[in-house]
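Undergrad: Could you have a look at this structure, given as structure tokens, before my questions?
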Amino acid sequence: MKDGAQTGGRPLAGRGTRVDIQLEIGLKKAIEWISQRRRDDPSAGLATLVDEACRRFDLNPIQADFLYRHLTQG
């Protein structure tokens, strides 16, 4: 049975779909990649790194916004 088959095509609350998991993995990899690049070159521009990470890890605009906000906080 596919995720969401009993709920009209929507995933059940609290259960991640394969797509959700892949999106989370992409974000995690992007954060790790950006962190490594910043260690290697502290002068690298964050916006440039986020843009490149989004292309490398196939992130959508919402993820890009999250990534930028996450890395600029703190």
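Undergrad: What whole-number value in cubic angstrom gives the convex hull volume per residue for the C-alpha atoms of segment 16-72? Please report the intermediate quantities before stating the final value.
TA: Details: hull volume 3.9 nm³, N = 57.
It comes to 69 Å³ per residue, whole-number rounded.
Undergrad: Net charge within 11 Å of R56 by Cβ-Cβ distance, Lys/Arg positive one each and Asp/Glu negative one each, not counting R56 itself? Numbers along the way, then the final one.
TA: Working: positive: K29, R37, R55; negative: D51, E52, D58.
Result for the neighbourhood of R56: 0.
Undergrad: If you take every residue apart from G26 with its C-beta less than 10 Å away from the C-beta of G26, what net charge results, scoring Lys and Arg +1 and Asp and Glu -1?
TA: With Lys, Arg at +1 and Asp, Glu at -1, the neighbours total +1.
Values quoted throughout were computed directly from the atomic coordinates according to the rules given, and no laboratory measurement underlies them. All of these numbers come straight from a predicted model, not from anything done at the bench. Every residue, glycine among them, receives a Cβ derived from its backbone with ideal geometry; neighbour counts consider all protein chains shown.
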